[in-house]
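See below for the structure under consideration.
Every read-out reported here was derived from the displayed coordinates using simple, explicitly stated rules and does not represent laboratory data. Since we're looking at a predicted model, the values are computed, not measured. Because the Cβ atoms are built from the backbone with ideal geometry, glycine has one as well, and the counts that use them run over all protein chains shown.
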């Protein structure tokens, strides 16, 4: 199997955008960018000097790699209308089994364990890539590509990867939502949210040095029901956040009793 | 009112330990360290060349500041048996109103908005101190002390401070518990938890650049019910974490619909 030097992207969202720019910067060619919304494909294609296509049938058939960077729930539907190609077809989904791509000759997974947002640069070299392939050759090709982009590349099977994806949702999506809750509360009380930044930094710094079960502090950890009650009173003003607060407090009290 | 140069600590836990060492390092004298568990007082007193006492009656009466660094729920009971002194009496609690100390002549709040753990050094200069006092003199004295220790000092009243404390619980205690959930899952599946570190770092890095409502990504943000269902299936093995996962997903879906 050839080294991967030409790549087409199926999808033009955050993941596709960050990856396409990274492979382009690493010296590879981006051939096509497909999106059902042709305008979105145009934008990304413009950034990486590729061709934008609005239907799967228009994809050139000679790319070394077709990278499906689409929402998890779209991987299967897209594959159903995907024409068989000789190049490697890989998806970037954490939760989708590799075998979803089994109609292809060469297929695999190229999962960047990271959160990507518009308007926020991400240092791809620090992103762990989780690789899987339907043959040692595919694993090798995808690993070589990932090693070109990043310092950390792991071979992870579909079963492990889905738990990793679940864990990622907890530490990123749900942590970010806790930030949102806290910011909403300070906004409502006319306080500067930057007051919280050193605490947020320390919470992150701690987990580099100690296990989270040891790092746990706070009223629930101390079973300080009086403080928890006071917080619940304050949350009368933020009823949408009361249930999450309560459930965390209950769970932590239970874990540490 | 004199500048604060001698301080006695009521309490010998994480907050007292970190603060006592910081004021000592900044050139102040730590006079007494009180703990109901005399042995705990001995340990901290040994570290900062202070006297350890096991009853409040033994406290020397001539300290410039008495700092109550005890669990929130103990502040009031301690104050009931505290003899009136001429020095400033301040507590370090986020949730306790300043007026809990109203039997003293000079009183206030000296709240470090940070999480402290045994075995993890904390850079006190980066800790925001929230100050309140029953007179401009007390505010000045406590602010001067805080400025000696830290780059960031705020005057925050009791009403604002309790919301700040609630927000702190969300971004630290509950975020840390999400880390624990994720680590538990990877442990159970024999995966290296360091895989998650770049994602945890990026989650923190994002909030320095963008508001959390904009930084939100993930299946719930995209209303990807299929992925959420798959996660819930995985969580059958971790039933204690299922309810929190579900509630977060529901709330985020609702917020972004």
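Things to note:
- In plain terms, the residue of B:102, A:106 with the fewest other Cβ atoms within 10 Å comes first and the most crowded comes last, giving B:102, A:106.
- Label spacing, shortest first and in nm, from residue A:151 to its equivalents in the remaining copies (7 angstrom along Cα→Cβ): 2.4
- Dividing the helix sum by the residues of chain A, where each DSSP H run of 4 or more adds -39500 (n - 2.57), gives a mean residue ellipticity at 222 nm of -13500 deg cm²/dmol.
- Taking other Cβ atoms within 10 Å as a rough exposure proxy, B:81, A:257 sort from fewest to most as A:257, B:81.
- Working value for chain A: equivalent-ellipsoid semi-axes of 42, 20, 17 Å, each the square root of 5 times a Cα gyration tensor eigenvalue, largest first.
- The mean number of Cβ atoms from other chains found within 10 Å of a Cβ in peptide B:218-231 is 5, as a whole number.
- Size of region A:209-252 from its Cα atoms: along the principal axes, largest to smallest, the extents are 36, 20, 16 Å.
- FRET efficiency for the pair residue A:240 and residue A:157, taken as 1/(1 + (r/R0)^6) with r the Cβ-Cβ distance and R0 = 35 Å, rounds to 0.35.
- Shortest first, residue A:61 label-point distances to identical copies amount to 9.8 nm, with the label point at 7 Å from Cα along Cα→Cβ.
- Considering only A:108, A:218, A:133, the Gaussian network model of chain A with Cα springs below 10 Å gives its largest mean-square fluctuation to A:218.
- Region B:116-161: mean projected area of Cα convex hull, nm²: 3.7 nm²
- Distance in nm between pseudo-label sites at residue A:51 and residue B:83 (7 Å out along the Cβ direction from Cα): 9.1 nm
- Partner chain coverage, peptide A:115-124 - average Cβ within 10 angstrom: 4
- Cα centroid separation, region B:213-248 to region B:132-171 (Å): 38 Å
- Each other copy holds its own label point for residue A:242; taking that point as 7 Å from Cα along Cα to Cβ, the gaps run 2.6 nm, nearest first.
- On full extension, the segment bounded by residue A:213 and residue A:250 gains 11.8 nm, given 0.36 nm per residue less the C-alpha separation.
- Over region A:1-131, volume per residue of the alpha carbon convex hull, in Å³: 101 Å³
- Cα-based helix-to-principal-axis angle, A:197-209 vs chain A, degrees rounded to 10: 70 degrees
- Rg(Cα)/(2.2 N^0.38 Å) for region A:162-255, N = residue count: 1.16
- Measuring nothing but how far apart in sequence close Cα pairs (under 8 Å, 6+ apart) lie, relative to its length, region A:162-255 scores a relative contact order of 20 percent.
- Three-way shape label, region A:148-188, alpha-carbon gyration tensor, a/c 1.5: oblate
- Scaled against 2.2 N^0.38 Å for its residue count N, the alpha carbon radius of gyration of region A:57-112 is 1.01.
- Residue exposure sequence - B:225, B:67 - by fewest surrounding Cβ within 10 Å: B:225, B:67
- Rg and Dmax [Cα atoms of the protein assembly as shown; Å; Rg one decimal, Dmax integer]: 27.0, 86
- Summarising the label geometry, the points placed 7 Å from Cα in the beta-carbon direction at residue B:140 and residue A:103 lie 8.0 nm from one another.
- For region B:99-118 versus region B:7-32, the gap between their alpha-carbon centres in whole angstrom: 13 Å
- Computed from Cα positions, the angle between helix B:136-149 and the longest principal axis of chain B comes to roughly 60 degrees.
- Applying 1/(1 + (r/R0)^6) with R0 = 60 Å to the Cβ-Cβ distance of residue A:25 and residue B:36 gives a FRET efficiency near 0.45.
- The GNM of chain B, with springs linking C-alpha atoms under 10 angstrom apart, assigns the highest mean-square fluctuation among B:230, B:162, B:38 to B:230.
- Degrees, to the nearest 10: B:239-255 long Cα axis against longest axis of chain B: 80 degrees
- Region A:30-74: C-alpha gyration tensor shape, a/c 1.5 cut-off, then a/b vs b/c: rounded
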